[in-house]
């Protein structure tokens, strides 16, 4: 879908990054709404970008952690359809999490929580490794060739 005769297309790469980032945050928002939205009185961007909400000391914090991990699993599936190449999965996953770190720094300052770092590094690893695995499986799938035999 996104690769072929043109090897270097910066607009395509930017479009893939933007699509992946948007899909990641949409999925994160869905999981946060399901897991955290039932526990808190008001949802806000704090649960997306503030490192203090990612904590293992409360049930709500565990729900936030689960939302981030589930979003990285979904992100691996997005890599299969957007990137389609196993060798690019790590690059796109790292780019997504680097952009996320910058947004978190702008929103709430430097993340000083060890839990936040563990969750995000784990999410990056899950997304990259599962994405590579799924892309390799897709790349190695047999190409169906239909043969027409004449009845002569």
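Filtering segment 62-69 for residues that are free of Cβ contacts under 8 Å to residues at least 24 places away in the same chain, out of contact with any strand residue (DSSP E or B) (no Cβ under 7 Å at 6 or more places or on another chain), more than 20 Å from residue 12 (Cβ to Cβ) and part of a helix (DSSP H, G or I) leaves a non-empty set.
Just one of the listed residues (126, 121, 80, 40) is assigned to a helix (DSSP H, G or I) and over 27 Å from residue 12 (Cβ atoms), and it is 121. Scanning segment 49-60 for residues that are closer than 24 Å to residue 105 by Cβ and surrounded by fewer than 20 Cβ atoms within 10 Å (Cβ to Cβ) turns up 49, 50, 52, 55, 56, 57, 58, 60. Please go through (1) more than 16 Å from the chain's Cα centre (by Cα); (2) part of a helix (DSSP H, G or I); (3) closer than 22 Å to residue 36 by Cα for residue 97 and return the number of the only condition it doesn't satisfy. Just one mismatch for residue 97, condition (1). Of all the listed residues (75, 108), the sole one being within 14 Å of residue 27 (Cα to Cα), in contact (Cβ under 8 Å) with a residue 24 or more places away in the chain and either surrounded by 20 or more Cβ atoms within 10 Å (Cβ to Cβ) or in contact with a helix residue (DSSP H, G or I) (Cβ under 7 Å, 6 or more places away or on another chain) (or both) is 75. When residue 56 is tested against (1) in contact with a helix residue (DSSP H, G or I) (Cβ under 8 Å, 6 or more places away or on another chain); (2) part of a helix (DSSP H, G or I); (3) in contact (Cβ under 8 Å) with a residue 40 or more places away in the chain, only condition (2) is not met. Only one of the listed residues (126, 121) is surrounded by 15 or more Cβ atoms within 10 Å (Cβ to Cβ), under 21 Å from residue 94 (Cβ atoms), at pLDDT 90 or above and under 20 Å from the mean Cα position of the chain (by Cα). That residue is 126.
The values are calculated or read from the model by the stated rules, or taken from the named source; none is laboratory data. Everything numeric here is computed off the predicted structure, so don't read it as measured data. Glycine also receives a Cβ, built like all others from the backbone with ideal geometry; neighbour counts cover every protein chain displayed.
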